[in-house]
Each structure stands twice: as structure tokens, then as C-alpha cells.
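Enquirer: Take a look at this one; I'll ask things after.
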Amino acid sequence: MIVAMQDMAAETQIQQVIEHLVKMGFEVHRSTGARQTVLGAVGAGIDFDIRNLELLPGVQEVHRISSPYKLAGKSFRPEGTIVKLADGIAIGGNDVVVMAGPCSVESREQLFATAEAVAKAGARVLRGGAFKPRSSPYSFQGHGEDALKLLREAGDKFKLLVISEVMEISQIAMMLPYVDILQVGARNMQNFNLLRELGKVRKPVLLKRGIAATLEELLLSAEYIMAGGNYDVILCERGIRTFETYTRNTMDISAIPIIHKLSHLPMTADPSHGTGRRDKVAPMARASVAAGADALLIEVHCEPDKAWSDGAQSLFPEQFAKLMGELRMIAPAVGRKIA
């Protein structure tokens with residue numbers, strides 16, 4: 001249920017409504033805008049008449065919400081969520097934020113060379129895997145905390161924020177000092193124990209869509225994080241598994257405008273995993289920005305042919321720089337800009 005308070009409703013009125021909802025058995029989540037406060041009430045509660053709530057002082061209107069995702073749904077924050085990061089960077093606003101870097105951190109030289117290249121081209125966030133979920137147990141699994149230290153050092157040197165993937169609960173505390181955004185990969189989209197713990201963290205979480213997940217399932221996974229009190233959730237389309245085998249996955253660009261209709265959360269596109277092919281990354285990135293993506297997540301490597309993981313889908317630095325120039329021309333056509 002959504003309770004929209006009147007513009008400039010008094011704090012005492014807001015607290016009175018919250019107390020009333022709690023007594024009814026609801027868990028209340030508050031969203032405060034510039035002028036209006038919206039209360040999201042989650043839980044079974046008791047049978048009630050919404051008119052009794054509408055008569056409370058300061059209440060403008062009350063809506064029953066039939067969708068299973070109450071907090072991630074558009075009604076909870078109609079104006080949209082802007083996830084504010086450090087250095088004035090925000091995802092969900094007018095800027096399209098580009099996050100780029102290698103699939104995995106292999107060495108100091110590899111990471112710093114790539115970080116310098118993507119920063120020069122205009123990326124704002126450095127991506128890199130410290131822990132790598134691989135299909136084969138014999139494949140490179142990442143350098144762990146050593147890689148996190150390198151990511152932080154490279155980010156600080158080249159004035160980039162850092163995003164890296166968290167795979168299990170035990171890694172959260174270790175990662176917090178090093179990263180600005182915690183990434184949940186497609187394989188963990190429905191790792192509900194992990195999502196619950198991330199709900200307790202006060203750091204943005206980028207949640208990737210599972211390879212066979214519906215958009216409703218993606219939003220319900222976001223709901224797990226938000227129900228814990230962490231509203232800084234960024235969704236990500238990274239391709240889904242279909243019968244087509246030419247590309248690694250099928251990049252569902254339609255998910256971007258659909259999520260913007262269903263949810264207030266910002267939407268990211270990952271054309272690297274979405275296609276698995278270097279020659280298809282740029283076209284899908286351009287299309288994603290045109291479709292309304294709030295951010296892009298792109299793999300870049302100085303020597304992709306020698307990469308320890310996902311080299312075939314990683315751009316060369318010069319390809320990334322060219323793509324950034326193209327995106328700067330496309331973004332204004334849809335009312336956005338690349339910083």
C-alpha cells in the first residue's frame with residue numbers, strides 16, 4: 001500500500017500515520033522528496049478500509065498496490081530514484097554514467113594501464129573482478145582482497161569510483177573499504193540470503209538480471225535489498241539465455257524502457273555480457289543509451305587476446321574511446337549527456 005502525504009505535511013502528521021500503519025501490522029518505508037513524503041506499507045496487515053487512512057491529518061491519498069514488489073515499484077517513488085555516489089556522480093539523473101574496466105584484475109600493470117585508458121576516454125567508474133564466478137572450477141577465480149586493494153589504488157590515482165562483484169555474505173565486510181558499488185552478478189540474482197544482507201549495507205548495489213529471469217523476478221530480487229532498508233539499488237540488463245547461439249546471450253534492450261515504466265530504480269545495460277562478442281558491444285551500447293539506459297557497464301582490456309577471462313567480449317582501449325565519442329553524440333538526442 002502507498003500512502004501519499006500532502007505537500008509540506010507536518011512531521012508530527014507523518015509520524016502519526018506511520019504509527020497507525022505499524023499498529024495495523026505493516027512495515028513502513030519512508031520516501032521523502034523535495035515537497036512530498038510517500039510511505040510504503042509492506043505486509044499482510046489486517047482487513048481495513050483505506051478511507052480510514054485518508055481521513056488522517058496530512059494524508060493526500062492512499063493506494064492499494066497489487067504488484068508483489070511494493071518498494072521497487074514506480075508508485076513508491078514516482079519521481080524516480082537517483083543513486084548519489086562520491087565526487088558528484090549520480091546514476092539516474094541527467095548524466096549517463098559509464099563504468100568500464102577489465103573482467104578480472106590480473107596484475108597491477110594490466111589494471112593500471114586499463115584504468116588510465118578508460119579514465120582518459122571519460123569513464124567515471126572502474127570495474128574489475130576480484131572474485132570471479134566461473135562455469136568451470138578449473139578457470140581463474142580471481143585474486144580476492146589483493147585485487148580489491150589494486151582496484152582502490154587505481155581508482156584513487158585516476159579519479160575513478162570502483163565497482164566489483166560480491167559473491168557471498170562473507171565477502172561483504174572485506175569489500176566495503178575498497179568499493180563504491182557492490183555488484184551482484186546474474187548467478188546470484190536470486191541468492192536471497194546475500195540480498196538480505198546487502199539490504200543492511202548503506203552502499204549502492206548494482207543488481208544484474210539472471211540469465212533466465214523475468215523482469216518481475218528482477219524487481220522482486222531488488223525488493224529483498226530494499227526491504228532491508230537499502231534503497232540505493234541499480235538494476236542491470238546483461239542479456240538472457242534464449243535459443244540463439246550466435247551471441248553469448250540475447251541482449252534484451254526492451255527491458256530498459258519496461259523497467260523505467262514499472263520501477264523508479266535506475267537501469268544499467270551491460271552489452272559486454274549481453275552479447276559476448278567484441279564487435280557487437282558498441283552497437284548494443286549505442287542502442288541502450290537511445291533506449292534510456294542510465295548507465296553502461298563495459299569490459300575493456302589493454303590486451304583482450306591475452307585476457308584471463310572474457311577476452312572475446314572486451315574492447316581495446318581505442319575502441320572504447322571511439323565508442324565514448326559516439327555516445328556523446330547519441331545521448332543529447334534523448335535528453336541525456338555523457339559526462
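The values are calculated or read from the model by the stated rules, or taken from the named source; none is laboratory data. Nothing here was measured: the structure is a model prediction, and the numbers come from that model. In this analysis, Cβ positions are derived from the backbone assuming ideal geometry, glycine residues included, and neighbour counts consider all displayed protein chains.
Enquirer: Condition first: crowded, with 24+ Cβ neighbours inside 10 Å, touching a helix residue (DSSP H, G or I) at 6+ places or on another chain (Cβ under 7 Å) and closer than 23 Å to residue 329 by Cα. Now tell me which residues in segment 99-119 satisfy that.
Expert: Answer for segment 99-119, where residues must be crowded, with 24+ Cβ neighbours inside 10 Å, touching a helix residue (DSSP H, G or I) at 6+ places or on another chain (Cβ under 7 Å) and closer than 23 Å to residue 329 by Cα: 100, 101, 118.
Enquirer: Specify the residue that is farthest from residue 42 (Cα to Cα); the eligible residues are those in segment 1-25 that are free of Cβ contacts under 8 Å to residues at least 40 places away in the same chain and of a type in the set (A, V, I, L, M, F, W, C).
Expert: Across segment 1-25, the extreme among qualifying residues is 8.
Enquirer: Search segment 206-227 for residues that are assigned by TED's automatic domain parsing to the domain that holds residue 191 and pair each with any residue that is among the basic types (Lys, Arg) and assigned to a helix (DSSP H, G or I) when their beta-carbon atoms are under 6 Å apart and the residues are at least 6 apart or on different chains.
Expert: As it stands, the answer is 224/196, since those pairs meet every condition given.
Enquirer: Residues being under 23 Å from residue 92 (Cα atoms) and surrounded by fewer than 18 Cβ atoms within 10 Å (Cβ to Cβ): count how many of those fall in segment 154-198.
Expert: Matching residues across segment 154-198 total 2.
Enquirer: Report yes if residue 298 is among the aliphatic types (A, V, I, L, M), more than 20 Å from residue 79 (Cβ to Cβ), assigned to a strand (DSSP E or B) and in contact (Cβ under 8 Å) with a residue 40 or more places away in the chain, otherwise no.
Expert: Considered against the rule, which asks whether it is among the aliphatic types (A, V, I, L, M), more than 20 Å from residue 79 (Cβ to Cβ), assigned to a strand (DSSP E or B) and in contact (Cβ under 8 Å) with a residue 40 or more places away in the chain, residue 298 comes out as yes.
Enquirer: If I filter segment 68-98 down to residues being of a type in the set (Ser, Thr, Tyr) and either in the same structural domain as residue 118 (by TED's automatic domain parsing) or within 17 Å of residue 267 (Cβ to Cβ) (or both), which single residue comes out as surrounded by the fewest Cβ atoms within 10 Å (Cβ to Cβ)?
Expert: Top of the filtered list is 81.
Enquirer: From the list 28, 42, exactly one residue is within 30 Å of the chain's Cα centre (by Cα) and touching a residue at least 60 places away in the same chain (Cβ under 8 Å). Which is it?
Expert: Checking each option against the conditions leaves just 42.
Enquirer: Further, regarding this structure: Of all residues in segment 273-293, how many are over 19 Å from residue 242 (Cα atoms) and in a helix (DSSP H, G or I)? Explain how you work it out, then say what you get.
Expert: The initial filter retains those residues of segment 273-293 that are over 19 Å from residue 242 (Cα atoms), namely 278-279, 282-283, 285-293.
Subsequent filtering for residues that are in a helix (DSSP H, G or I) retains 278-279, 282-283, 285-291.
Counting residues in segment 273-293 that are over 19 Å from residue 242 (Cα atoms) and in a helix (DSSP H, G or I) gives 11.
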